[in-house]
Each structure stands twice: as C-alpha cells, then as structure tokens.
Amino acid sequence: MKNFSIYAAPLFFGNLFDSSVFVRSTLAFLAFSATSSAAYFINDIIDAPKDRLHPVKKHRPIASGKLSERTAWAIAFCLVFGAILFAIKFVGTFFTFSLIFYILVQIVYTLLLKNIIILDSLTIATLFVIRVFAGGFAADTSVSSWLTLATIGLSLLLAFGKRRSE
C-alpha cells in the first residue's frame, strides 16, 4: 500500500493519466514493490531470533522455520538486484538511484535505527518521502514543495501514531 505514493507526484502534477507517464509510474511501482518486499525479508531475517520468543510473531515463516534464512536471503538478493536492473532498463537513472538509496536506508533502519525511539519514526517518514520523489523521477515530474511538506507531515503522523499504539 505504501508504494502507491509513487503515483503522488504525477497525480498532483496532473499528468498521471498520460499513457507514457502512467506506464513509467507503474513500472516504478513494480520495482519499488520488489525492493520493499526484499526489505521486509531482510527485516524478518534479522528479527527472527527475537520473533521466535513472541507469541504471535513466532508463526511468521522465517521465525517458525517454514522458510529458511538462506532461502530468504536468496529471495531478498534476487528481488533487490532484479528491481535495480529492471529500473535501469525500464524506468531511468534518477529513479534507480532513489531505489538504491531506499534499500540502503531500509538496511540501516533494520540494523540500527528502528531501536532508537525518535529516529525510527523519522526514518519511516523519510522512506515515504523517498517514494514520492522516486515517483517524480520515474514520471519525469517535479515534486512540489506542498506535496513534500504534506508527505512529511502525513508520514510523521502515521509513524508516531503507530509507535504510540505499540
């Protein structure tokens, strides 16, 4: 669901339904979906020892042993590098750089930042902003300052709200 923010820049710019923009945005959506799926695999691999002790999370595929960590790493690797190659070939250079930046931030978040109270929410917000800008790069559409500020505000609200409920 989060990856639908790829469509925000062209939607608010008014050119989303131009056929070439829509196709590039959809290709970008697919590449981001693969990359964010890889990030979830990596997060679940890292969290597996802790998840095995949790009453609900212990049933997740990696934590329960239904999916081996080795297989999960292979899937994550294929998703990331497949998405990068796909983005280079079908979407564009700036989008590809944003995709690489996204996965790097996700890895740092998983290994370090998710355990630091304020920085975890700020990182989640940053990941939303990266998606919006990536969508702008894919659609060759500028991202307005209004859209940037609205994305930051909304994503901070969602991130802090989620942390508060936990």
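Side notes on the structure shown:
- Value of Rg to Rh for region 76-166, rounded to two decimals, is 1.02; Kirkwood radius and Rg both from alpha-carbon coordinates.
- Cα gyration tensor, region 75-114 - rounded (a/c under 1.5), prolate or oblate: oblate
- When the chain is treated as a Gaussian network with alpha carbon springs shorter than 10 Å, the biggest mean-square fluctuation among 72, 134, 87 belongs to 72.
- Residue-normalised accessible area of the chain, expressed per residue, 1.4 Å probe, Å²: 57
- Rh by Kirkwood over Cα pairs, then Stokes-Einstein D for region 5-64 at 1.567 mPa s and 4 °C, µm²/s: 95
- Probe 1.4 Å - accessible area at residue 37, Å² to nearest ten: 50
- Accessible area per residue was computed with a 1.4 Å probe on protein heavy atoms; residue 41 scores about 50 Å².
- For region 111-149, backbone nitrogen atoms closer than 19 Å to the point 7 Å from residue 53 Cα along Cα-to-C-beta are found at 111-117.
- Whole-percent pair-distance distribution, where bins are 5 Å wide, for the alpha carbons of region 1-128: 2, 10, 17, 19, 18, 15, 9, 5, 3, 1, 0
- Build a GNM of the chain with springs between Cα atoms under 10 Å apart, and of 125, 83, 138 the one that fluctuates most is 125.
- The Cα center of region 108-122 and the Cα center of region 1-55 differ in position by 19 Å.
- Taking each DSSP H run with n ≥ 4 as -39500 (n - 2.57) and averaging over every residue of the chain yields -26000 deg cm²/dmol at 222 nm.
- Solvent-accessible area of the chain (1.4 angstrom probe, protein heavy atoms only): carbon and sulfur portion equals 72 percent.
- Taken over the chain, lysine pairs spaced eight or more positions apart, or on distinct chains, with alpha carbons under 30 Å apart number 20.
- Percentage relative contact order, the chain, counting C-alpha pairs under 8 Å, at least six apart: 33
- Using the Cβ of residue 15 as centre and a radius below 13 Å, the other residues enclosed give a net charge of -1, where K and R count +1 and D and E count -1.
The values are calculated or read from the model by the stated rules, or taken from the named source; none is laboratory data. All figures in this text were calculated on a predicted structure; none of them were measured in a lab. Neighbour counts are summed over all protein chains in view; Cβ atoms, including those assigned to glycine, are modelled from backbone coordinates with ideal geometry. Keep in mind that these areas ignore ligands, DNA and RNA; they rest on the heavy atoms of the full protein, side chains included. Shrake-Rupley method; radii C 1.70, N 1.55, O 1.52, S 1.80 Å.
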